[in-house]
1. Which net charge results for the neighbourhood of ARG321, defined as the other residues with beta-carbon distances under 10 angstrom from its beta-carbon, given Lys and Arg at +1 and Asp and Glu at -1?
2. Taking only DSSP H segments of four or more residues, each worth -39500 (n - 2.57), what value at 222 nm results for the chain once the sum is divided by all its residues, to the nearest 500 deg cm²/dmol?
3. Specify, per residue and in Å³, the volume enclosed by the convex hull of the alpha carbon atoms belonging to region 28-155.
4. Kirkwood Rh over alpha-carbon pairs of the chain, then Stokes-Einstein at 10 °C and 1.306 mPa s: what D in µm² s⁻¹, rounded to an integer?
5. Of the trypsin sites (Lys or Arg not before Pro) in region 442-481, which ones lie in a loop per DSSP and count no more than 11 other C-beta atoms within 10 Å?
6. Sorted by mean Cβ packing within 10 Å, highest first, what order do the peptides 460-472, 233-245, 124-136 take?
7. Using the Cα centre of region 410-543 as the reference point, and only Cβ charges (+1 on K/R, -1 on D/E), how large is the resulting charge dipole? Debye, rounded to the nearest 20.
8. So what's the net charge close to GLU451: Lys and Arg +1, Asp and Glu -1, counting the other residues with Cβ under 15 Å from its Cβ?
Amino acid sequence: MTSISTVKTTPIAGQRPGTSGLRKKVPVFQEPHYLENFVQSVFDCLEGIEGATLVIGGDGRYHNAEAIQTILKMAAANGAVRLLVGRDGLLSTPAVSAVIRARKAYGGFILSASHNPGGPKGDFGIKYNIGNGGPAPEKVTEAVYVRTQAIDAYRIVEAPDVDLSAIGSTAIGDATVEVIDPVADYKALMAQLFDFARIRSMFESGFRMRFDAMHAVTGPYAKAILEDALGAPAGTVINGTPLPDFGGGHPDPNLVHAAELVAVMAGADAPDLGAASDGDGDRNLILGQNLFVTPSDSLAVLAANAHLAPGYAGGLKGVARSMPTSQAVDRVAKEMGIGCFETPTGWKFFGNLLDAGMATLCGEESAGTGSDHVREKDGLWAVLLWLNILAVRQEPVTDIVRAHWRQFGRNVYSRHDYEGVDSDAAGRLMSELKSKLDSLAGTTHGDLAVERADDFAYRDPVDQSVSANQGVRIFFEGGSRIVFRLSGTGTEGATLRVYLERYQPDPARHDDEPQAALADLIRAADGIAGIRCHTGRDKPTVIT
Ligand code: VG1
Ligand code: CO
C-alpha cells in the first residue's frame, strides 16, 4: 500500500523565479517546507501530471542529492508514473532538455544555480522545463509564483530514499524511478549533428585542445565525447570530476573565473583551442591562442559557418540573440538574408522562435549559445560546433575570427558587472535612468551623441505575449550602444550589468584593446546613469 501524506504548509515569501528559475542560498532551500512549497506549486499549475513521465537531474552541487529525493517522492504523490533520473542525480541542463525531447516526457526539473558557487553556504536553484525541453515560459512561472502565495498543503509519498548510484528501476509509490546514463541520449544527439569522423581525424593529426569542466557537471560529458568518442588525448578535459562545491571555485566560464585556462591559452605552448563550461553545462567559453572569443562574436562566427556541420548543412532558418548581446550576429543574418530576433535576457524567450522554426541558432552575451537541437543553451554543443568548423576550415581560431571581423566589421564588446550592490540604490539608479530616457536623445557625451534611448519591451512574435522592463538601451550615432539592466539570478543584494558595444569597421583598429576602445562609452555610462554615485563603487566587480 502506498502511503501518501498531505502535509499542511503556509506560503513562503519571495518564491519568485528570476531569469532562470528560483535561486537562493542553500540554507534557504534547507528551511522546512521551502523546496516542497515550490515544487507543489509547480504541480498545482500543471495540467495532465496524472500518468506523466518527468525527467529530474541536477549539476551535482551541494543539496542536489537531498532535493532530488524530495522531488521524486512528491512527483509520485502527485500522479506522475515514470521518473527518469540521471545516475547519481546528475544531468546537465542541455541533457535534461535532450532527454525530455528524446523520451517525449511531460516535463522536468533541473536542480542548479548554474554558474553561481555551490557548497553548504553557496547557491541552489530549481527550474521547471516543459515538454518541448525548454524552460517554462513566463505565463507558467508567473502562475507558479501566484500559487506559492496561496499554497496550504503539499503531497509526498512516505518511502525510503531511492538508490541513484546504479542504472535500473525502483518503485516509489505507484511510480517507477528509472536511473539512466546521464550522457547517452545527449551523446547520441551530438553524433547526429556533427561530423565525428572528421573531428576525430583532426585530433589524430595532432590538434590539441583543453576543456575545463570547472569541477562541474560537464566533466563526464566532455570525457565521454571529446576523449572517448573523438580520440582527444587523456588530460584534454581538466577539472573533470563533478564536486558538490565545485572545488571551492566559481563555475562561471569567463575571463575572471577561468583564469587558469586563460593563462594556458596565452602561454608559449598553447593548445589550438581552449574551452570551458559552467556549473550546469549550458554555457561555453571559447579561446583561441591568445584570443578570447566573446560570446557575441562566437555566435556570429557560428552563424556564418554552421553549414559546415552536417546538422546545419541545409542552412539556418533564422537567428536570435538576447537584447544585451552584441549586434555582430545581426550583420551575419543580414548578409545571409535570414531573420534575426532580439529577445529579453533568459533562454525561455527563445523557445517559441525555435518551436516555430523561425530561428535555428540562438545566443546570449553571457556565454550561452544553442540551437534547435534542444531548448536550452548548450555549452558542449558550442564547443563541438567550433571543432567541426575547425576540422573543415583547417585554420586557427584566431584567423577565423579575424577574417570574420574583416568581412563584417568588429563589434567591440564588454560587460561590466557591479555585484552585491545595495538593492535600493540599484533600484534608484534604474528608475532615475528610466525617468530621463526621453530627454537623452540629442545629448552628447564626449564625442558620442545619443540617437535614442528606451526601456526594452518584447512582443513574442508567436504568442504575442509582452514582456516589459527588460533593460534600458541607449543608442549612439555610429552604432554604439550601452545597455543597463539588473540581474535576475543573484542571491545577494543587486547586480547591475552594464553592456558596452562599439562598432569598428576599420581593420587597422581591430587589435585595439577592448577596454581602451570602449573608454568613452564607459565614461558616458557613468555620466548618464551616475553609477559611481549610486553604487558607491569606483569600478566594476567583474569585467568580461
Ligand atoms: C544571467 C545571464 C543570462 C542567462 C542567465 C541564466 O542572467 O545574464 O544571459 O540567461 O544568467 O544563465 P542575469 O539575470 O543574472 O543577467 V545560467 O547559465 O542559468 O543557466
Ligand atoms: Co548555466
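1. Its environment carries a net charge of -4.
2. On the way: 19 runs with 172 residues, N = 544.
Taken over the chain, the calculation gives -9000 deg cm²/dmol.
3. Values: hull volume 12.7 nm³, N = 128.
Here the figure is 99 Å³ per residue.
4. This corresponds to a translational diffusion coefficient of 67 µm²/s.
5. Numbers: sites: ARG452, ARG459, ARG473, ARG481; in loops: none.
Loop-located and lightly packed - none at all.
6. The packing order, highest mean first, is 124-136, 233-245, 460-472.
7. Working: 17 positive and 22 negative charges, 20 e Å.
For this selection, approximately 100 debye.
8. Once all neighbours under 15 Å are counted, the net charge is -1.
The values are calculated or read from the model by the stated rules, or taken from the named source; none is laboratory data. This one's a predicted model, so the numbers in the text were calculated from it and none came from an experiment. Glycine gets a Cβ as well: all are built from the backbone with ideal geometry, and neighbour counts include every protein chain shown. Only protein heavy atoms, including side chains, enter the accessible area calculation; ligands, DNA and RNA are left aside. Shrake-Rupley method; radii C 1.70, N 1.55, O 1.52, S 1.80 Å.
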